[in-house]
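Engineer: Let me give you the structure first, and then I'll get to my questions.
The values are calculated or read from the model by the stated rules, or taken from the named source; none is laboratory data. On a predicted model such as this, the values are computed, not experimentally measured, just so you know. Side chains are part of the model used for accessible areas, which takes the heavy atoms of the whole protein and leaves out ligands, DNA and RNA. Shrake-Rupley method; radii C 1.70, N 1.55, O 1.52, S 1.80 Å.
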Amino acid sequence: IEAIDRRLEDAAATLGATGPTAPLLEGKVHVSTPMRRRVRLRDMWTSLPVGWMLGWRDMKAKYKQSALGPLWLVLQPLGMLLAITIAFSKVTSVNTGNVPYVVFALVGLAVWTYLQMTISVAPITLPSNQLVVRRSPCPRVALVTGTLIAVLPPLAVVLTASVAAAAISGGLPIQALLMPVMLAWLLVFVWG
């Protein structure tokens, strides 16, 4: 920075810039410094409309590119459920209490699928949207929010299946009333 200041002073002296025109030459140097604040929950809330738009864009692109389209939302969790059920109920013995293993596995699969999909997509969010970040005033927090929204359909499908399986297998326990709290905690945890 000192070398730049010396060059500016030399340029100002060469051009004969003294008095009120000298600050104009100094204004051409722009030094960027990183911000020293963390992202707040309020930032997520204010960028939510842009996040919804980006999330819908990513969902449409993902399911248009797959050969099975939205049917993939059902087939992927079913395949994972089948593999988990075979591995943990047949090969090893997992004590689930009075809960049928399929219901037990579906609830765990819902949380794991959402967490895994978000963590695998989130690191490439900014590099894959570099043109949006560079050429528009799009808030970067909206890209993260869009990622969370884009992977919500698999979570909704698996949670719906787990609630239906629990209701069919013997009724929903009283702990099912805490599901909205668990979902809110999961969203905030993954967004962080």
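Engineer: From the protein chains alone at 1.4 Å, what is the descending order of accessible area for Met80, Met117, Met53, largest first?
Structural biologist: Met53, Met80, Met117
Engineer: Kirkwood hydrodynamic radius, computed over distinct alpha-carbon pairs, for the stretch 77-158: how many Å, to one decimal?
Structural biologist: 14.9 Å
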